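The values are calculated or read from the model by the stated rules, or taken from the named source; none is laboratory data. Here the structure is a predicted model, which means the values were calculated and not measured. Here the Cβ is made from the backbone with ideal geometry for all residues, glycine too, and neighbour counts use every protein chain on show. For the accessible areas, the whole protein counts, side chains as well, though only heavy atoms, and no ligand, DNA or RNA atoms are used. Shrake-Rupley method; radii C 1.70, N 1.55, O 1.52, S 1.80 Å.
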Amino acid sequence: MRIQIINGPNLNLLGIREPEIYGKKGFEDYLHVLRDAFPKIRIDYFQSNSEGELIDKIHEVGFDRDGIVLNAAAYTHYSIALLDAIKSVNAPVVEVHISNIHQREDFRHHSVISPACKGVICGFGLDGYRLAIDALQRLR
Ligand code: DQA
């Protein structure tokens with residue numbers, strides 16, 4: 001099984017950025033934990049701050065991966081282009097947010113990409129990525 005994690009804008013600063021919301025661990029460190037938790041799954045990781053690069057990545061991997069774990073970060077709330085990209089590929093996409101977006105500012109309560117996603121996980125910190133991979137492996 002091969003799964004692609006895609007992180008959107010500002011998530012390169014995990015561990016530094018607003019640690020009271022997003023925690024103190026950088027994603028590269030967490031990736032080791034994740035790979036240890038799923039030794040039989042190949043987990044690829046991509047991060048970009050640019051909407052177009054995220055779309056290109058979804059197109060590139062969306063026809064041969066067994067699933068995509070996507071934290072589109074702020075694009076979640078307004079990128080119709082990302083919604084369309086998710087709709088365009090075959091791989092099931094699980095939307096993940098580290099924070100509980102429903103406990104935060106009103107503009108974070110709505111996700112424009114959720115309708116195209118298999119499911120949504122939010123509010124469990126970085127553990128949300130593990131929950132998403134676990135959900136994807138159960139789809140098989
Ligand atoms: C986020 C929530 C978004 O509202 C925010 O713009 C992010 C991160 C999360 O993981 O909690 O950058 O997707």
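All other residues with a Cβ under 14 Å from the Cβ of Y78 taken together, and with Lys, Arg as +1 and Asp, Glu as -1, what is their net charge?
-3
At a Förster distance of 35 Å, what's the computed FRET efficiency of N90 paired with N10, Cβ-Cβ distance as r, to 0.05?
It comes to 0.75.
What lysines sit close enough to K118 to cross-link, taking a C-alpha to C-alpha distance under 22 Å and skipping anything fewer than 8 places away on the same chain?
Partners found: K57, K87.
So if each residue of separation counts as 0.36 nm, and I subtract the Cα-Cα distance between I21 and R140, what length gain in nm does that give?
39.5 nm
How many percent of the accessible area of segment 2-139 is carbon or sulfur, using a 1.4 Å probe?
Carbon and sulfur atoms account for 50 percent of the accessible area of segment 2-139.
Projected onto the charge dipole of the chain (+1 at Lys/Arg Cβ, -1 at Asp/Glu Cβ, origin at the Cα centre), which of G15, P39, A73 gives the Cα projection farthest towards the positive end?
P39
Could you work out the helix-only [θ] at 222 nm for the chain, with each DSSP H run of four or more residues adding -39,500 (n - 2.57) and the total divided by the number of residues, to the nearest 500 deg cm²/dmol?
Rounded to the nearest 500, the figure is -9500 deg cm²/dmol.
Once a ≥ b ≥ c are taken as the square roots of the eigenvalues of the Cα gyration tensor of segment 2-139, is the result rounded (a/c under 1.5), prolate (a/b larger than b/c) or oblate (a/b not larger than b/c)?
Rounded shape, in that the Cα axes give a/c under 1.5.
Relative contact order for the chain: what is it in percent, counting Cα pairs under 8 Å that are at least 6 residues apart?
Reported as a whole number, the value is 26 percent.
Can you give the FRET efficiency for R2 and V112, using 1/(1 + (r/R0)^6), R0 = 30 Å, r = Cβ-Cβ distance, to the nearest 0.05?
With R0 = 30 Å, the Cβ-Cβ based efficiency is 0.65.
Are there trypsin sites (Lys or Arg not before Pro) in segment 27-97 that DSSP marks as loop and that have at most 12 other Cβ atoms within 10 Å, and which are they?
K40
Per residue, how large is the accessible surface of the chain? Use a 1.4 angstrom probe and give square angstrom.
For the chain, the per-residue accessible area is 50 Å².
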